[in-house]
Amino acid sequence: MIVKMSKVEIAGLKELLEDTLDLLRDMGLFHIETETMGFIEKAEEEYIETFSLDQKALSKKLLLEDLRLRIDELFSYLPAVPTRKSYIEPEDVVEILRGLVSRHIKYCEGLKNKKELLQKEASELSRYKVFMEAIEPLIGTLEKTEEIDFTGLTIKDPESIPHIRRLLFRLTDGRYELFTNRASDGTLAGVIVTERAFSETLRKALSEERIPEISLPASLEGLAFSERLKWIKDRIEEISKEMSSADDELLKFTMRWRPLYERVREWIDDRLSLMRATARVFETRLCFIIYGWIPAEAVPVLEMKLKERFSGAVTLVEKEMYEEDLERVPVMLKNPPYFEPFELMVRILPLPRYTSFDPTPFIGIFFPIFFGMILGDSGYGMLLLGLSVFLIKRFRSKKTIKDIGKILLVCSIYSVFFGILYGEFFGELGHELFGMETLCVERRTAVIPMLYFALTVGASHVMIGLFLGFIGGLKRRAKKEALARLIDIFLILSIILAVSAFCGIVPERFTTPILSLVLILTPLLLLTGGLLAPLELMKSIGNIISYARIMAIGLTSVLLAFVANRLAGMTGNIIAGAVVAGLLHLLNIILGVFSPAIHSMRLHYVEFFSKFIEPGGRRFEPFKK
Amino acid sequence: MEKVLIAFAAALAIGISALATAWAQSRIGSAGAGALAEKPELSGTVIILVAIPETMVILGFVIATIILTTK
C-alpha cells in the first residue's frame, strides 16, 4: 500500500529550531522538503529565506568538525579491539577532550613510530641472521685482524661461482679464500676473505658485476664473527619484548580512552547532523519554518509531541495538497506482514508514483499462484516447503534470506495444491506408488485445455491490470487515459468473444453484435488514447498470449519428471534406477524453482504492471538517526 | 506425406522462434553481464531482461501445438 501523506509546515521561534529538529529526528517520520514550490504563497516569498547559522552556531560547528577529525586521527593509531561502552554524559567532557586530544594523538603516534622503527630493525636483523647462520660454520672462530677483511655475498646463481673465483684471482693474485654455504631461506651465502689492501678494488668490481654484497650494520663492527650471531639473536629477542611492551601500552590506552572518545564522537555526529539539517530549513525575521511530508496518520502524534515539548511555541499546520503536488509527494510503501517479504521483488522496479499503486499486494497474491500453476507437483512442492522452513528457521537474523524463505513457503503450498489438482507427485510416481488420481486435468496429455486455461488466466490478469489502470487514471484525474483503458477492456472482451464465435464456442448469432461493438469502440479508442492506442491494444493481446508460458513451462516440467521415472524404470536395476531418477528429479527441482519464479516475475513486470503502474515516484526519506 | 508436412511445419514454427530467442538472449545476456560487472545491484532487472525474448519461443510453441492438434 502507498501510505497517504500530509503536506505540513512547522514553525516556531528560532532558538527552538535545534530541539524541534531533534524531536523530528527521533520520530523518524518527517521528510524535509527543500523545494518551496507549493509551500510558500507568492505574497509570503519576500519574507521567507533559507536559514543560515549565526556566528556563534557556525563557530561551534567548526569546532565540533575539527574535534571529530582529530578523534578519527587518534582512532587510526588504536588497535581494533572490543571495548566497554561509556555512559558518561558527552556534553560535560567535550571541552576536556578538546584539550587532551592533541596530547593523546602525539603519544599514540610516538608509540606507533617506535613500533615501526623496531619492526624495521627486526626485519633487517633477521636477514643478517640468515646470512650469519650460513657462514658461521665456514669461518668458525676466525678473528678479524687489521690485515684481513671479510666481504659477505649473496650468490643468486650457483653457476656463477667459477666466474667469481676467476675475478677474485685476477684482482688479488690468488691471495683470497671464498667460502659458500646454503642459507636457511634457500639462497647461497658466501664470504670472501682477503687482504685489506684489496678491499676497495674488490667491492668496486663486485658492484660492477652486480653481485650483491652484504654489509653488516655498524653495531656489529668490532665484534668477532662468533659473537655477531649471538648479538643478533639477543637483539631480535629484545626488539620483540620492546614491541610487545609498546603494544601493551597502546592497548591499555585504548581500553581506557576509546569508550569515552567513541561516546563523544557519537554525540558530535548527532549535533552535526542537526546543524546540517538546518540547511533545509527556512526563516523569517524571528521564526524558523520547516516544510515537509509526513504520513497522514502520524500528524496528530507529531502535533501532540510538539505541544507537549514546546507548549505552543512551535506549531504544525497541515497544508492543502494541490494537483501539481501529486507529482512530488514522496512515496512510502507499507504492507501487512503477509505481503512484506514480497517487497523484495518490488525493490528491483522503479518506485511507483504517489497516485499509482503499490505493486507488492498484487505480486503477493498472483506470484505464488502462477508459480504453483507452473510447477504443479505436490512432491516437488513438499521438498520446497521443507527448504523454505529450513531457510526461515536457519537464517532468522538475515532478513533477505528469511524473506526469500517466506516467499518460497507460500509458493510451495500452491505447488502442492496444484500438484493435487493435476495428480502429480514427482511426475506420475504418485499414481504408480499410491494410486494418486488426477482431480482436474492431466497436463501431460491435455495440452490444448491447458493452453486455454493459461490464456484465460492471462486475459483475466491483463484485464485486472487494465481496470486498475482505469482507476489510476481517475485518481490522477486523467479522464481520457482512464476511458482508453476501459475501452481496451471492452475491446479485448469483444475480440475474445469474436474468436470464440469463430471457433463455435459462442453461438454464431452473436458474431454481428460483437463485430458492431468492435467497430463502435475502435474510433472511440482512437479519440481517447490517440493514434498509438490500437497498437497498445495489440500489445495487450500479445501480452495475453504470453501467458501461454504457464502451460508451456509446466509441460516441460511434467515431461522431465515423466522422463526421469521412465529412464529409472529402463535401467532394470534398483540402485541405478534410483540414482538416475534422483539426479533428473534434482535437475527438475532446480529448474522448477528458477523457471517458474523468473517467468512469473516477468509476467508481472512486463505484462501486468505495464497496464497500471506509473514509475517515477520519489522515495520517502525521513529525517532520522 | 501430409503428416510429414504438418510435423515439419510445427518443427519450423518452434525451431525458428527458438533460434530467434536464443540470438536475442545471447545479445541481452552479454550486455547484461557487462552491466552486472559495473552495477551488481541490477541483477534482478537483467534476469527479467534475459527472460523477455522467451515470448517468441512461447508463441512458436503455441503455433506448433495448434498446427499439430488442428484437424
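Think of the range A:40-170 as having a plus end and a minus end, set by charges on the Cβ of Lys, Arg, Asp and Glu; of A:167, A:81, A:111, A:167 sits farthest toward the positive end of this dipole. Dipole magnitude for the range A:1-42: computed about the Cα centre from +1 point charges on Lys and Arg Cβ and -1 point charges on Asp and Glu Cβ, it is near 280 debye.
Apolar share of the accessible surface for the protein assembly as shown: 63 percent from carbon plus sulfur atoms, 1.4 Å probe. Helix-only mean residue ellipticity at 222 nm, chain A, DSSP H runs n ≥ 4 weighted -39,500 (n - 2.57), per residue, nearest 500. What is it? It lands at -21000 deg cm²/dmol. If you take all other residues with their beta carbon under 10 Å from the beta carbon of residue A:458, and give Lys and Arg +1 and Asp and Glu -1, the sum is 0.
The charge dipole of chain A, taken about the Cα centre with unit charges on the Cβ atoms of Lys, Arg (+1) and Asp, Glu (-1), comes to about 1240 debye, rounded to the nearest 20.
For the range A:404-467, what is the relative contact order in percent, using Cα pairs closer than 8 Å and at least 6 residues apart in sequence? Display every interim value, and only then the final one.
Details: 31 pairs, mean separation 13.8, N = 64.
Here the relative contact order equals 22 percent.
Between the alpha-carbon centres of the range A:299-317 and the range A:109-130 there is a gap of 64 Å.
The B and A chains share an interface that buries close to 1300 Å² of accessible area, total over both sides, probe 1.4 Å. Bridgeable lysines around residue A:120 (alpha carbons under 17 Å apart, same-chain partners fewer than 8 residues away excluded): A:112, A:129, A:233, A:241. Taking every DSSP beta bridge that has both ends in the protein assembly as shown, the antiparallel portion is near 95%.
Using alpha-carbon pairs under 8 Å, 6+ residues apart, how would you state the relative contact order of chain A in percent? Show your work: numbers first, answer last.
Working: 807 pairs, mean separation 130.0, N = 625.
Dividing the mean separation by the residue count of chain A yields 21 percent.
Under 8 Å for C-alpha pairs, at least 6 residues apart: give me the relative contact order for the range A:450-597, rounded to a whole percent.
Values: 116 pairs, mean separation 34.8, N = 148.
Reported as a whole number, the value is 24 percent.
Keeping every protein chain present and rolling a 1.4 Å probe, give me the accessible area per residue for the range A:19-155 in Å². Each step should come with its number before you reach the end.
Numbers: 8220 Å² over 137 residues.
For the range A:19-155, the solvent-accessible area averages 60 Å² per residue.
Shape annotation for the protein assembly as shown: C-alpha extents along the principal axes are 128, 89, 50 Å, from largest to smallest.
Of A:7/A:398; A:42/A:480; A:334/A:393; A:4/A:479; A:479/A:539; A:334/A:480, which sit over 27 Å apart, Cα to Cα?
Numbers: A:7/A:398 36 Å; A:42/A:480 32 Å; A:334/A:393 25 Å; A:4/A:479 22 Å; A:479/A:539 22 Å; A:334/A:480 30 Å.
Too far apart for the 27 Å limit: A:7/A:398; A:42/A:480; A:334/A:480.
Listed peptides A:480-488, B:11-19, A:587-595 appear in the order A:480-488, A:587-595, B:11-19 once ranked by packing, highest mean of other Cβ atoms within 10 Å at the front. Toward the positive end of the charge dipole of chain A, with +1 on the Cβ of Lys and Arg and -1 on the Cβ of Asp and Glu, the farthest Cα among A:430, A:600, A:617 is that of A:430.
Ranking A:135, A:64, B:61 by Cα position along the charge dipole of the protein assembly as shown, where only Lys, Arg, Asp and Glu carry charges on their C-beta atoms, puts B:61 farthest toward the positive end.
With a 10 Å cut-off around each Cβ of B:54-62, the average count of Cβ atoms from other chains is 6.
The values are calculated or read from the model by the stated rules, or taken from the named source; none is laboratory data. Predicted, not measured: the structure shown is a model, and the values here were computed from it. So basically every Cβ, Gly included, is an ideal-geometry build from the backbone, and we count neighbours across all protein chains shown. Ligands, DNA and RNA are excluded from the accessible area calculation, which covers all protein heavy atoms including side chains. Shrake-Rupley method; radii C 1.70, N 1.55, O 1.52, S 1.80 Å.
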